[in-house]
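The values are calculated or read from the model by the stated rules, or taken from the named source; none is laboratory data. This one's a predicted model, so the numbers in the text were calculated from it and none came from an experiment. Cβ placement follows ideal geometry from the backbone for every residue including glycine, while neighbour counts extend to all protein chains displayed.
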């Protein structure tokens, strides 16, 4: 996810603070029973082609906006800012003026001029609240937001019904977020400009039966066939430090262990929850 794109989304989010602050009312402006239809109406007023789904704790919104994602020499589509400016205020307005207990929201953005290109944004609503009272700085806000810009091909399409069919759970959100944060931390630890830099690939994360498991796709420097023990220690230590700090910041305790997997060497490092405090 390009940093410039993430910052543009953040700047629009900052501009919503005054608007959403008006949500502290005795009676909800958007009761849960009418939330989806109300948001649909707000988006229609902005002339947006959109669909809305509400699960128990997750609000999902899909928007198609011409020229929002068409890639060019200058980056993302020329109408991207317009799409975000029209969409996020409506979502946040509803989120903070409803009696529904919404914990996450998903925005799936597409562009009819760029078939097969999708941007998915996933946010934890408590992070949005903390952002509005300046409890999180800009880098942390961006790190806590899932941005997934992908090309699935013109013959396939993403939809709320088929690709986001259920509530998001906090443990799954944290596994997605942590995988990205680990990858970025490893890229910073082993900068590509270094002559002996390892090759940092995509890191993946899942949560299953009380365990976070992260796959670290780290390859040796170009021309080498193995990673030495010192490098492996740095890889595991960097990853574990990120995990410990993030889980602590969310005060998440509903897990038993963390597993780090390095496919190339077959190494598995399993840490019980009680051992993570050492790495904070």
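Within segment 29-42, can one find any residue that is in contact with a helix residue (DSSP H, G or I) (Cβ under 8 Å, 6 or more places away or on another chain), assigned to a loop (DSSP other than H, G, I, E, B) and closer than 25 Å to residue 170 by Cβ?
Yes: one or more hits.
Can you report the number of residues in segment 160-186 which are touching a residue at least 60 places away in the same chain (Cβ under 8 Å), in contact with a strand residue (DSSP E or B) (Cβ under 7 Å, 6 or more places away or on another chain) and within 23 Å of residue 125 (Cβ to Cβ)?
Going through segment 160-186 one residue at a time, the tally reaches 8.
If you check residue 55 against the conditions, is it at pLDDT 80 or above and under 19 Å from the mean Cα position of the chain (by Cα)?
Numbers: at pLDDT 80 or above: yes; under 19 Å from the mean Cα position of the chain (by Cα): yes.
When the stated conditions are applied, residue 55 passes them.
Only one residue in 60, 37 is within 28 Å of residue 154 (Cβ to Cβ), in the same structural domain as residue 141 (by TED's automatic domain parsing) and either surrounded by fewer than 14 Cβ atoms within 10 Å (Cβ to Cβ) or modelled with pLDDT of 95 or more (or both), so which one is that? Steps first, please.
Values: 37 fails: within 28 Å of residue 154 (Cβ to Cβ).
The conditions single out 60.
Counting residues that are touching a residue at least 24 places away in the same chain (Cβ under 8 Å) and either assigned by TED's automatic domain parsing to the domain that holds residue 144 or within 23 Å of the chain's Cα centre (by Cα) (or both), which strands (runs of 3 or more DSSP E) fully inside segment 204-280 reach at least 3? Quick ask: steps written out before the conclusion?
Details: elements: 204-208, 211-215, 257-262, 267-272.
In segment 204-280, the matching strands (runs of 3 or more DSSP E) lie at 204-208, 211-215, 257-262.
Of all residues in segment 261-280, which are closer than 22 Å to residue 194 by Cβ and buried (at least 18 other Cβ atoms within 10 Å of the Cβ)?
Answer for segment 261-280, where residues must be closer than 22 Å to residue 194 by Cβ and buried (at least 18 other Cβ atoms within 10 Å of the Cβ): just 262.
So, in segment 219-243, exactly how many residues are at pLDDT below 90 and in contact with a strand residue (DSSP E or B) (Cβ under 8 Å, 6 or more places away or on another chain)?
2
Hey, which of the strands (runs of 3 or more DSSP E) in segment 83-200, taking only ones fully inside, have at least 2 residues that are in the same structural domain as residue 34 (by TED's automatic domain parsing), crowded, with 20+ Cβ neighbours inside 10 Å and in contact with a helix residue (DSSP H, G or I) (Cβ under 9 Å, 6 or more places away or on another chain)?
Fully inside segment 83-200 and qualifying: 104-110, 117-124.
Look at residue 68 and say whether it is in contact with a helix residue (DSSP H, G or I) (Cβ under 7 Å, 6 or more places away or on another chain) and closer than 20 Å to residue 38 by Cβ. Don't jump to the end; show me each part of the working.
Numbers: in contact with a helix residue (DSSP H, G or I) (Cβ under 7 Å, 6 or more places away or on another chain): yes; closer than 20 Å to residue 38 by Cβ: no.
So residue 68 does not fit the description; no.
Taking segment 119-140, which residues are within 21 Å of residue 203 (Cβ to Cβ) and in contact (Cβ under 8 Å) with a residue 24 or more places away in the chain?
Of everything in segment 119-140, those that are within 21 Å of residue 203 (Cβ to Cβ) and in contact (Cβ under 8 Å) with a residue 24 or more places away in the chain turn out to be 119, 120, 121, 122, 124.
Only one residue in 43, 69 is assigned by TED's automatic domain parsing to the domain that holds residue 151, crowded, with 17+ Cβ neighbours inside 10 Å and within 22 Å of the chain's Cα centre (by Cα). Which one? Before you say what the answer is, go through the steps one by one.
Numbers: 43 fails: within 22 Å of the chain's Cα centre (by Cα).
Sole residue among the options that is assigned by TED's automatic domain parsing to the domain that holds residue 151, crowded, with 17+ Cβ neighbours inside 10 Å and within 22 Å of the chain's Cα centre (by Cα): 69.
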